[in-house]
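The values are calculated or read from the model by the stated rules, or taken from the named source; none is laboratory data. Source: prediction; values computed, not measured. When we count neighbours, we look across all protein chains shown, and the Cβ atoms used for this are built from the backbone with ideal geometry, even at glycine.
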Amino acid sequence: MRILLVEDEPDLGTAIKWALKQERYIVDWAQDGREAWEFLQSPDLQYSLAIFDWMLPNVMGIELCQRLRLRQNRLPVLMLTARDRLQDRIAGLDAGADDYLVKPFEMEELLARLRALQRRSPDLQTQQIQFGSILLNYTERQVYCQQGERQVLISLTHKEFQLLEYFMSHPRQTVTKDQLLAQLWESGSDVGSNVVAAQVRLLRRKLAEQGCSDLIETLPSMGYRLNPDYC
């Protein structure tokens with residue numbers, strides 16, 4: 001799951017990003033509103049949640065909310081701010097924020113509010129997805145292979161889980177290397193050109209150990225997709 005964090009205080013932004021990554025979120029961190037809007041406008045990035053500071057350089061967090069809602073974008077947004085007056089909380093919610101957290105706050109509360117946003121969002125309520133004999137459970141963060149009457153757990157690293165999740169969320173689409181890089185690695189991260197191929201190879205190996213060797217196809221010069229004959 002990918003989160004856009006927009007916070008211009010370096011120490012706070014660093015702390016929030018670290019906490020989110022411990023919870024296995026993929027995090028893009030923007031330090032001003034203009035940069036955040038560029039992230040939100042990118043066709044290659046799909047965010048599940050956003051955290052906006054109210055007071056930002058160039059474009060305020062409240063304006064980012066308004067822009068999203070004017071474009072009928074339902075991205076769940078948690079607003080962070082030192083403004084604790086009732087009128088400010090009302091203004092933030094009326095601008096389109098889904099929740100409002102006043103600084104200073106405990107990191108445990110921020111994480112709990114993000115989990116609550118996930119539960120309330122109709123786009124994030126799916127608990128599991130299945131493709132053929134492969135079942136991916138979001139709640140448990142586990143993947144199972146159905147073998148006859150029993151389900152066998154497939155032990156995946158976090159990145160392998162994210163990769164399989166992306167494929168299963170786009171079951172009959174051809175996915176390019178660039179799409180996978182953009183969606184599964186943080187923007188600006190220093191990764192090698194062969195990292196996608198290496199991760200796909202590792203994932204295939206673990207799937208093959210459970211009899212699912214044909215699940216992921218390589219389409220030369222195009223990318224990858226889940227084998228449509230597998231279902």
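If the condition is being modelled with pLDDT under 85 and either within 25 Å of Pro43 (Cβ to Cβ) or assigned to a loop (DSSP other than H, G, I, E, B) (or both), then the range 134-168 contributes Tyr138, Thr139, Glu140, Arg141, Gly148, Glu149.
Keeping to the range 41-56, report how many residues are part of a loop (DSSP other than H, G, I, E, B) and either free of Cβ contacts under 8 Å to residues at least 12 places away in the same chain or within 14 Å of Leu78 (Cα to Cα) (or both). Residues flagged as part of a loop (DSSP other than H, G, I, E, B) and either free of Cβ contacts under 8 Å to residues at least 12 places away in the same chain or within 14 Å of Leu78 (Cα to Cα) (or both) within the range 41-56 amount to 5. Within the range 85-92, is even one residue aliphatic (A, V, I, L, M), at pLDDT below 95 and crowded, with 19+ Cβ neighbours inside 10 Å? No: zero hits.
Note on the range 57-70: residues that are within 20 Å of Leu117 (Cβ to Cβ) and either assigned to a loop (DSSP other than H, G, I, E, B) or among the aliphatic types (A, V, I, L, M) (or both) amount to 3.
Of all residues in the range 12-33, those satisfying the criterion of being in a helix (DSSP H, G or I) and farther than 20 Å from Ala182 by Cβ are Leu12, Gly13, Thr14, Ala15, Ile16, Trp18, Ala19, Gln22, Gly33. Of all residues in the range 71-130, those satisfying the criterion of being of a type in the set (A, V, I, L, M, F, W, C), under 27 Å from Glu165 (Cα atoms) and not in a helix (DSSP H, G or I) are Leu75, Val77, Leu78, Ile129. Under the condition of being surrounded by fewer than 15 Cβ atoms within 10 Å (Cβ to Cβ) and without any contact (Cβ under 8 Å) to a residue 60 or more places away in the chain, the residues counted in the range 203-216 number 5.
Residues that are buried (at least 16 other Cβ atoms within 10 Å of the Cβ), farther than 19 Å from Ser121 by Cβ and not hydrophobic (A, V, I, L, M, F, W, C) within the range 35-60 comprise Glu35, Asp53, listed in sequence order.
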